[in-house]
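Below is one structure, written out as structure tokens; the observations come after it.
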Amino acid sequence: MNIPSLPPPVTRDKNALVLFSGGQDSTTCLAWALTHYNHVETVGFSYGQRHAVELEGRPRILEKLRQFSEKWNRRLGADHIVDLSLISHLSETAMTTEMEIRVMENGLPNTFVPGRNLMFLTAAAMLAYRRDLNTLVGGMCETDFSGYPDCRDDAVKALQVALNIGMDTRLALLTPLMWKNKKETWQMAFDLGGQKLIELIVSETHTCYIGEHNRLHEWGYGCGKCPACLLRKRGFMEYQSEKKPI
């Protein structure tokens, strides 16, 4: 299925709402938005996730990003937290319940939370409508990912069409990481904010599914064994091995 993207709305101001979890991908996307948009707000979601520690790191990351440059500080606006705890009541998964991470009979990992990203984007669209923001930026990716169907480009494009029809808007859903692997995501972070941003992502962001935030590796905090940690670690090692000397 190939659903065409709607063109970005033509407005006087370029503004965006970034789905910002406090993880590697969303932090990179936030840096990307701060580079390309005049006004940027952020939204995080509390949905009963095992790795709720990611929410605790969000304010620190936002404050440190403000210190990168006066331009980023000026562009970074309000932060929002939305309670979507009903997600954990609707679906029992390894992302929301203490259980062993494994592959299910349908081939998907049991960390898959059905409809989670669709709900995130829908809630973000409602917030963007109220805040008069015309672009949503999310870290969805179908290159290096765990096979989640709602991370796919077709799913995001289809939802963009549905949201714009249902809300009578011209909202653009952008996914800067959609066709990047984790090595390329690390490289993108460096291109946006240099070694300073790489160090911030390593020391402050959280990706580990089980919420392990006590062990700091050269690629960041995590258990080092869950799918999210393995992807992040592998991408970092590949990025480091191919990094060109300054």
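Here are the numbers:
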read-out: Filtered residues of the stretch 52-72 (kept if surrounded by fewer than 12 Cβ atoms within 10 Å (Cβ to Cβ) and not in a helix (DSSP H, G or I)); value: GLN67
read-out: So LEU133, is it assigned to a loop (DSSP other than H, G, I, E, B), touching a residue at least 24 places away in the same chain (Cβ under 8 Å) and over 14 Å from the mean Cα position of the chain (by Cα); value: yes
read-out: Any hit, the stretch 136-143, residues being at pLDDT below 95, over 26 Å from ASN38 (Cβ atoms) and in a loop (DSSP other than H, G, I, E, B); value: yes
read-out: Residue in the stretch 227-236 that is crowded, with 22+ Cβ neighbours inside 10 Å, within 24 Å of TYR148 (Cα to Cα), modelled with pLDDT of 95 or more and not basic (Lys, Arg) present; value: yes
read-out: Residue that is modelled with the highest pLDDT [pool: residues in the stretch 73-89 that are part of a helix (DSSP H, G or I), in contact with a Gly (Cβ under 9 Å, 6 or more places away or on another chain) and surrounded by 14 or more Cβ atoms within 10 Å (Cβ to Cβ)]; value: ILE87
read-out: Residue that is at positive phi and of a type in the set (Gly, Ala, Ser), where the choices are GLY138, GLY166, GLY211, GLY193; value: GLY211
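The values are calculated or read from the model by the stated rules, or taken from the named source; none is laboratory data. These numbers were taken from a predicted model, which means no experiment stands behind them. Reconstructed Cβ throughout: ideal geometry from the backbone, glycine too, with neighbour counts over all protein chains shown.
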